[in-house]
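Enquirer: So that we are looking at the same thing, I have put the structure below in structure tokens.
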Amino acid sequence: MFCFQCEQTTGGKGCTKVGVCGKQPEVADKQDELTGALVGLARAAQGKTPGKETDALMMQGLFATLTNVNFDGARIDELKNLVQAEKEKLGGAADLAAGTLWQGDPDVVSLRSTLLFGVRGMAAYAWHAFVLGQKDDEVTSWLYKGLRAVGEEHSTEEWLGLVMEFGQSNLKCMALLDEANTTAFGHPVPTNVSTTIEKGPFIVITGHDLQDLKELLEKTGGKGINIYTHGEMLPAHGYPELKKYPHLKGNFGTAWQNQQKEFDAVPAPVLYTTNCLMPPRPSYADRIFTTDAVGYPGIKHITGEHGQKDFTPVINKAIELGGWAEDKKLTGINGGSEFMTGFARNTVLGVAGKVTEAVKAGAIKHFFLVGGCDGTKAGRNYYTEFVKKAPQDTIILTLGCGKYRFNDLDIGEIGGLPRLMDMGQCNDAYSAIQVAVALAGAFNCGVNELPLTLVLSWYEQKAVSILLTLLSLGIKNIYLGPTLPAFISPNVLNVLVDKFSIKPTSTPEADMKAILG
Ligand code: FSO
Ligand code: SF4
């Protein structure tokens with residue numbers, strides 16, 4: 001096996017024996033074969049208009065190769081067979097030999113991998129929009145185009161051009177998902193989310209799929225079962241069409257990397273709708289369920305398309321386990337008992353006048369977007385410390401699961417505006433971009449001239465796709481941590497530093513000083 005697509009990769013170089021994530025070598029090899037088959041499908045589709053089912057298969061196939069999504073070799077094989085059958089229907093083409101993905105000149109491997117991982121991330125977002133009935137042909141066709149490009153030779157300039165073009169395509173994809181989410185569930189509104197679990201049966205739902213949450217809420221209504229979000233599902237509480245369900249009670253636990261500790265000894269089932277799934281411990285393996293792109297050998301999988309899923313096994317498990325006998329007070333990482341969410345673009349732009357006035361009056365000196373993914377490395381305390389050290393006249397925008405490092409801290413307000421605003425899931429980087437563009441408009445300057453610094457944490461391929469979008473927008477001086485991607489070769493890094501002044505995070509003190517002077 002060879003895999004270096006995520007931040008925790010072995011030795012900062014690549015997993016070759018087994019994944020740090022728990023991925024077994026035969027599953028890694030099968031995922032490479034699936035990728036090769038998807039390249040074949042993309043080739044077969046060239047010059048044709050693939051149908052909706054082919055598009056869905058393309059998205060699902062890519063989604064299943066993301067970090068911490070699918071560890072089930074049988075499911076990966078099944079997907080590969082479906083992809084190959086679909087390819088034949090389109091007239092056939094050669095698959096890309098799996099081994100060639102990671103071979104060749106280090107800079108070419110680096111650029112090819114960057115594009116591939118970005119496309120994987122975008123496919124996940126495209127899929128979430130797709131299940132809500134939204135599709136953008138430009139975005140979908142870029143999945144095919146990107147995969148064809150992965151299987152071809154290009155000059156360095158061409159690769160860089162493709163990567164930037166991809167970034168623009170992913171911007172459209174995030175816009176599409178934003179449209180899909182807000183059309184289906186309304187615009188998020190600021191919402192306080194409790195960390196206390198009420199007594200009685202409950203279900204924990206994790207991942208990013210808001211439609212799965214809605215269907216689960218519908219199917220559990222009036223049954224005396226409460227629903228708690230976990231991880232990237234937390235922002236669901238801000239959406240009017242989800243928060244209206246009285247049994248959507250609060251949030252359980254924190255970010256994905258704490259699940260093996262947090263799910264132990266909990267008298268409730270957990271439903272995984274997307275990443276990040278860690279190998280389940282025997283102490284709780286019998287009460288977790290996967291659905292959609294997620295899979296793990298031996299773990300019960302809820303099948304069926306959205307709208308037709310049968311959650312009965314999860315519901316029965318919740319009733320059987322019964323929950324806690326008394327309300328259980330849990331807290332965030334810093335001991336806080338509430339998380340605030342719902343500061344997506346509509347809410348923030350709704351107070352844009354107030355924000356610009358506060359900047360002009362000197363009450364707000366700087367904005368930080370401290371966002372992205374969480375992970376296991378001890379160095380990720382950087383983000384907690386950074387937020388704690390941010391001066392009182394600064395605003396922190398956040399998104400993604402990295403926020404659990406600090407989202408239970410009370411860091412106060414500026415003129416009635418909370419200093420910490422959670423914009424949502426990682427894909428809601430779209431909201432942050434919209435806010436930055438609006439602020440730049442209000443101040444009649446470019447985004448790079450704003451008193452705004454992006455301090456990002458990355459972990460897996462969705463974060464890669466977002467980073468490429470930010471770069472394609474010409475955003476400079478991004479601080480990136482906790483370590484730089486293993487798939488970025490020294491020469492490619494030089495290009496990124498030259499063109500975009502990307503900076504690896506150092507210490508919160510030094511970075512804060514460099515930013516604020
Ligand atoms: Fe996190 Fe996992 Fe959003 Fe990722 S739960 S790490 S980029 O899949 O999704 O921030
Ligand atoms: Fe290693 Fe990350 Fe790949 Fe898992 S996804 S095998 S941890 S690089």
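The values are calculated or read from the model by the stated rules, or taken from the named source; none is laboratory data. Note that the coordinates shown come from a computational prediction; the quantities given were computed from them, not determined experimentally. Don't worry about glycine lacking a Cβ; one is built from the backbone with ideal geometry, like all the others, and counts go over all protein chains shown. Accessible surface areas use protein heavy atoms only, side chains included; no ligands, DNA or RNA. Shrake-Rupley method; radii C 1.70, N 1.55, O 1.52, S 1.80 Å.
Enquirer: Report, by residue number, each residue of segment 136-174 that is under 19 Å from the mean Cα position of the chain (by Cα) and open to solvent by 40 Å² or more (accessible area, probe 1.4 Å).
Expert: If the condition is that a residue be under 19 Å from the mean Cα position of the chain (by Cα) and open to solvent by 40 Å² or more (accessible area, probe 1.4 Å), then Gln168, Lys172 are the ones that fit.
Enquirer: Filter segment 400-425 for residues that are within 16 Å of ligand 1 (Cβ to nearest atom) and either over 21 Å from Asn448 (Cα atoms) or modelled with pLDDT under 95 (or both) and give the result.
Expert: Gly400, Cys401, Gly402, Lys403, Tyr404, Arg405, Phe406, Asn407, Asp422, Gly424, Gln425
Enquirer: Here is a further query. Kindly indicate whether any position in segment 481-498 is buried (at least 23 other Cβ atoms within 10 Å of the Cβ), within 16 Å of ligand 1 (Cβ to nearest atom), of a type in the set (Ser, Thr, Tyr) and more than 23 Å from Asp393 (Cβ to Cβ).
Expert: The answer is no, given that none of the residues of segment 481-498 is buried (at least 23 other Cβ atoms within 10 Å of the Cβ), within 16 Å of ligand 1 (Cβ to nearest atom), of a type in the set (Ser, Thr, Tyr) and more than 23 Å from Asp393 (Cβ to Cβ).
Enquirer: Return only the number of the condition from (1) over 17 Å from Thr505 (Cβ atoms); (2) open to solvent by less than 10 Å² (accessible area, probe 1.4 Å); (3) within 16 Å of ligand 1 (Cβ to nearest atom) that Ile395 does not satisfy.
Expert: For Ile395, the exception is condition (3).
Enquirer: Which residue out of Lys403, Lys388 is crowded, with 24+ Cβ neighbours inside 10 Å, charged (D, E, K, R) and more than 16 Å from ligand 2 (Cβ to nearest atom)?
Expert: Answer to the check: Lys403.
Enquirer: Give me the strands (runs of 3 or more DSSP E) completely within segment 244-329, filtered to those with at least 3 residues that are of a type outside the set (A, V, I, L, M, F, W, C) and more than 16 Å from ligand 2 (Cβ to nearest atom), ordered by residue number.
Expert: Those strands (runs of 3 or more DSSP E) span 248-251.
Enquirer: Just wondering, is there one or more residues in segment 288-303 that are under 21 Å from the mean Cα position of the chain (by Cα) and open to solvent by 40 Å² or more (accessible area, probe 1.4 Å)?
Expert: Yes, because at least one residue in segment 288-303 is under 21 Å from the mean Cα position of the chain (by Cα) and open to solvent by 40 Å² or more (accessible area, probe 1.4 Å).
Enquirer: So, in segment 459-479, exactly how many residues are open to solvent by 10 Å² or more (accessible area, probe 1.4 Å), outside any helix (DSSP H, G or I) and without any contact (Cβ under 8 Å) to a residue 60 or more places away in the chain?
Expert: 5
Enquirer: Sticking with this structure for a sec: Of all residues in segment 109-135 being within 13 Å of the chain's Cα centre (by Cα) and away from ligand 2 (no atom under 16 Å from the Cβ), which is surrounded by the most Cβ atoms within 10 Å (Cβ to Cβ)?
Expert: Among those residues, the one meeting the criterion is Met122.
Enquirer: In segment 260-284, which residues are within 24 Å of the chain's Cα centre (by Cα), away from ligand 1 (no atom under 14 Å from the Cβ) and open to solvent by less than 30 Å² (accessible area, probe 1.4 Å)?
Expert: Phe263, Pro269, Leu271, Pro280
Enquirer: Only one of Gln8, Gln84, Gln24 is away from ligand 2 (no atom under 14 Å from the Cβ) and open to solvent by 10 Å² or more (accessible area, probe 1.4 Å). Can you tell me which?
Expert: Gln84
Enquirer: Further, regarding this structure: Looking at (1) within 16 Å of ligand 2 (Cβ to nearest atom); (2) over 24 Å from Leu176 (Cα atoms), which is the one condition that is false for Lys462?
Expert: Going through the list (1) within 16 Å of ligand 2 (Cβ to nearest atom); (2) over 24 Å from Leu176 (Cα atoms), Lys462 breaks only (2).
Enquirer: Moving to a separate point now. Taking the criterion of being more than 28 Å from Asp136 (Cβ to Cβ), part of a strand (DSSP E or B) and open to solvent by less than 10 Å² (accessible area, probe 1.4 Å), would at least one residue in segment 213-229 satisfy it?
Expert: yes
Enquirer: Just to check your reading of the model, which residue among Leu452, Leu456, Leu473 is of a type outside the set (D, E, K, R) and within 16 Å of ligand 1 (Cβ to nearest atom)?
Expert: Going through Leu452, Leu456, Leu473 in turn, just one is of a type outside the set (D, E, K, R) and within 16 Å of ligand 1 (Cβ to nearest atom): Leu456.
Enquirer: While we're here: So which pairs qualify, if the first residue must be in segment 247-266 and closer than 18 Å to Lys199 by Cβ and at pLDDT below 95, the second must be away from ligand 2 (no atom under 16 Å from the Cβ) and open to solvent by 10 Å² or more (accessible area, probe 1.4 Å), the Cβ gap must be under 9 Å, and the two must be at least 6 apart or on different chains?
Expert: Ala265/Ser283
Enquirer: Before we move on, is Thr16 open to solvent by 40 Å² or more (accessible area, probe 1.4 Å), in contact with a Ser or Thr (Cβ under 9 Å, 6 or more places away or on another chain), modelled with pLDDT of 95 or more and not assigned by TED's automatic domain parsing to the domain that holds Leu484?
Expert: Yes.
Enquirer: If you don't mind, another one. Given the residues Asn491, Asn444, which is the only one that is farther than 28 Å from Leu177 by Cβ, in contact (Cβ under 8 Å) with a residue 60 or more places away in the chain and not basic (Lys, Arg)?
Expert: Unique residue meeting the criteria: Asn491.
Enquirer: What number of residues in segment 50-81 are within 16 Å of ligand 2 (Cβ to nearest atom) and either over 20 Å from Thr140 (Cβ atoms) or in contact with a Ser or Thr (Cβ under 9 Å, 6 or more places away or on another chain) (or both)?
Expert: So the answer is 12.
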